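Okay, so here's the structure we're looking at.
The values are calculated or read from the model by the stated rules, or taken from the named source; none is laboratory data. Note that the coordinates shown come from a computational prediction; the quantities given were computed from them, not determined experimentally. A quick note on method: Cβ atoms are made from the backbone with ideal geometry, for glycine too, and the neighbour counts reach across all protein chains shown.
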Amino acid sequence: MQNEILDQWAMVSRQALESMKELGQINERILTRMTEQQQQILSACLEATSLELQMMGGAKDPKDLLAKQAEVVSQYSNKFVDIVRSTNDLLADCRSELSAWMEKGVAAASAPPKVAKTK
């Protein structure tokens, strides 16, 4: 009887460890993808700032400057919309992965214990 209890405890511990490893892998993938999104945002901001500075340095007519600024705003607003859409997709994937992980954990917790019976 004591061996069965120890076997059950060892199995539960292994399952918990595996579950935490899976959660860690999910978090790592999400963090990597979110970092990529942040890099895209930062890159777009730096590009837009650089263009803005170039335009201001070479501007001779305020109307021309405003027209060029409108082009930059249009161009970069589209980039930001794409980044936001990509981020929404990433968050949907995150939700799906975490839901699947949780459902797997609930199924494992509600399953009857599997212990080898000693003779």
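Selection of first residues in the range 66-82 that are free of Cβ contacts under 8 Å to residues at least 40 places away in the same chain and of second residues that are among the acidic types (Asp, Glu), restricted to Cβ pairs under 8 Å at least 6 apart or on distinct chains, gives the following pairs, ordered by first then second residue: GLN69/GLU52; VAL72/GLU52; TYR76/GLU47. Of the residues making up the range 46-68, those that are part of a helix (DSSP H, G or I) and either loosely packed, with under 13 Cβ neighbours inside 10 Å or in contact with a Leu (Cβ under 9 Å, 6 or more places away or on another chain) (or both) number 15.
Only one entry in LEU17, LEU90, LEU65 is hydrophobic (A, V, I, L, M, F, W, C) and in contact with a Lys or Arg (Cβ under 9 Å, 6 or more places away or on another chain), namely LEU90. Criterion applied to ARG29, ARG95, ARG33 was being touching a Leu at 6+ places or on another chain (Cβ under 7 Å), farther than 30 Å from GLN8 by Cβ and modelled with pLDDT of 90 or more, and the one residue passing it is ARG33.
Could you go through the range 18-30 and let me know if any residue there is within 25 Å of ALA108 (Cβ to Cβ), touching a helix residue (DSSP H, G or I) at 6+ places or on another chain (Cβ under 7 Å), surrounded by 14 or more Cβ atoms within 10 Å (Cβ to Cβ) and hydroxyl-bearing (Ser, Thr, Tyr).
Of all residues in the range 18-30, those within 25 Å of ALA108 (Cβ to Cβ) come to 18-30.
The next check asks that each one be touching a helix residue (DSSP H, G or I) at 6+ places or on another chain (Cβ under 7 Å); those that pass are 19, 22-23, 26, 30.
Still in the list and also surrounded by 14 or more Cβ atoms within 10 Å (Cβ to Cβ): 19, 22-23, 26, 30.
Remaining after also requiring hydroxyl-bearing (Ser, Thr, Tyr): 19.
Yes, the range 18-30 has at least one match.
Here the range 27-81 is the region considered, the condition is being among the acidic types (Asp, Glu) and more than 35 Å from the chain's Cα centre (by Cα), and the residue that is nearest to LEU91 (Cα to Cα) is ASP64.
Within 30 Å of ALA109 (Cβ to Cβ), exposed (fewer than 13 other Cβ atoms within 10 Å of the Cβ), modelled with pLDDT under 90 and of a type in the set (A, V, I, L, M, F, W, C), is that true of LEU6? I'd like the intermediate steps shown before the answer.
On the way: within 30 Å of ALA109 (Cβ to Cβ): yes; exposed (fewer than 13 other Cβ atoms within 10 Å of the Cβ): yes; modelled with pLDDT under 90: yes; of a type in the set (A, V, I, L, M, F, W, C): yes.
It is true that LEU6 is within 30 Å of ALA109 (Cβ to Cβ), exposed (fewer than 13 other Cβ atoms within 10 Å of the Cβ), modelled with pLDDT under 90 and of a type in the set (A, V, I, L, M, F, W, C).
Here ALA108 clears all of (1) touching a residue at least 60 places away in the same chain (Cβ under 8 Å); (2) under 12 Å from the mean Cα position of the chain (by Cα) except the condition numbered (2).
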